[in-house]
Amino acid sequence: MFTLALCRPRATCRLRHGWDRCQAWSCRGFSTTAGQGQQVSLQVGGDVEMPVARREAETLFQERPEPGNQYLEDALLRSYLEAHLPPKVLEEVSQELEGFGNRLLTKIRPLGWECELNPPVFRQYDAWGQRVDHIVTCSAWKRMKEIAAEEGLIAEAYERRYSNWSRVYQAVKLYLFSTASGGFNCPLAMTDGAAKVIESLGIPASLKNAFDHLTSRDPRKFWTSGQWMTERRGGSDVANGTETVARKQPDGTYRLYGFKWFTSAADSDMALTLARIVDAEGRVKQGSGGLSLFFLRVRDEEEKLNSIQVQRLKEKLGTRQMATAELWLNGAKAELISAEGRGVASISNMLNITRIHNVIGAVASMRRMISLSREYALKRVVFGKLLKDHPLHMQTIARMEVRLPGAELILKKQKEDKDPQ
């Protein structure tokens, strides 16, 4: 595989110090046998030479896997749409999905890598010692929010351009977007859930503005939403783990006091959250029957936090590109949007939507990994032949391929049976 360069007297090691004599202990006494722009051989003594790579060399690296347009390469997805969508709808969405697949390949996936490489940073104080609690996200993360609006990743489900098929079309776009999104699919899940909750409430006048922002295609107007439920005493056990209380104000609004221990997408514009209303005697009702649902803006018109203190960002194993924080609600202004004691029932639509988004993301990740593995097997040479020519490897790929269609069909069946229109 390697071509040994001709020996040149007095050539020196370039491994760490350019073309000067290397002073590293591991390299002392070694000399190279080529000049810049040539294949380098390392002389280790006597007549023995070991080939190494020059900086510009490509000989040590095989061609990288290059999956193409996700939509065009997903035969099962396309066959499902062909079998279920009306012909006119199929023609329109197929053209849009092909264009979206090209945008994912050339524009969106590189932004996703930028999000991976530049996680959010928490700046608690400014240069003058004033507390600002500013969560700094990278430009690629902000651009993902704009793209989500432009592509109608939330709006599509609520505009209903294709009647009952609008949710299916939205799910397909989210499926394609998920693995390229750099984690932005998580705030979109909660945003979709919040929009569904507001819609299920009949879009009351006080929430019309929020609904319009959540479902906007205008990047300047588009909002994302948080789902603040987890507290220190429990996660899934919301009924017994919620300690946050709400005190009613003379103007009919409420002030929330409590500690939200795990709030994903903490840079969102709004949130739906649960709290226990304090009655006139200063008592609160325990259990799920004491929980009510509230809407709040994270920041006011002047971009100041709504009586919220960011304690810290979470150090997580996954989704590190998304800001997840511990928040102290110290009198945050909020609006009661459910009947008193009906918070869990009212937020159930949000939970159902986010669970469907999680399934979409899981199946999309399976598809992405298999696509990369198949492409890699066509280019990786090992033990004298391509990886695809090794029966054991192809047996593993085949098992993965069998599981994936099953997962996709379960997802599609779930969408049909529990379509949240």
Cα centroid separation - the range 90-144 against the range 260-305, whole Å: 27 Å
Equivalent ellipsoid semi-axes, the range 70-347, via Cα gyration tensor eigenvalues times 5, rooted, Å: 35, 23, 16
Order by protection proxy (mean Cβ within 10 Å, highest first), peptides 181-187, 228-234, 319-325: 181-187, 319-325, 228-234
Cα extents of the range 294-346 along the three principal axes, largest first (Å): 37, 31, 17
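How high is the relative contact order of the range 122-279, given as a whole-number percent (alpha carbon pairs under 8 Å, six or more residues apart)?
For the range 122-279, the relative contact order is 19 percent.
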Cα radius of gyration and Dmax for the range 224-352 (Å): 14.0, 45
Protection proxy ranking, peptides 246-258, 399-411, average beta carbon neighbours within 10 Å, highest first: 246-258, 399-411
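Every number in this text was worked out from the coordinates using simple rules, so none of it is lab data. Quick caveat: nothing in here was measured; it's all calculated off a predicted structure. Note that each Cβ is placed from the backbone with ideal geometry, even for glycine, and that neighbours are counted across all protein chains shown.
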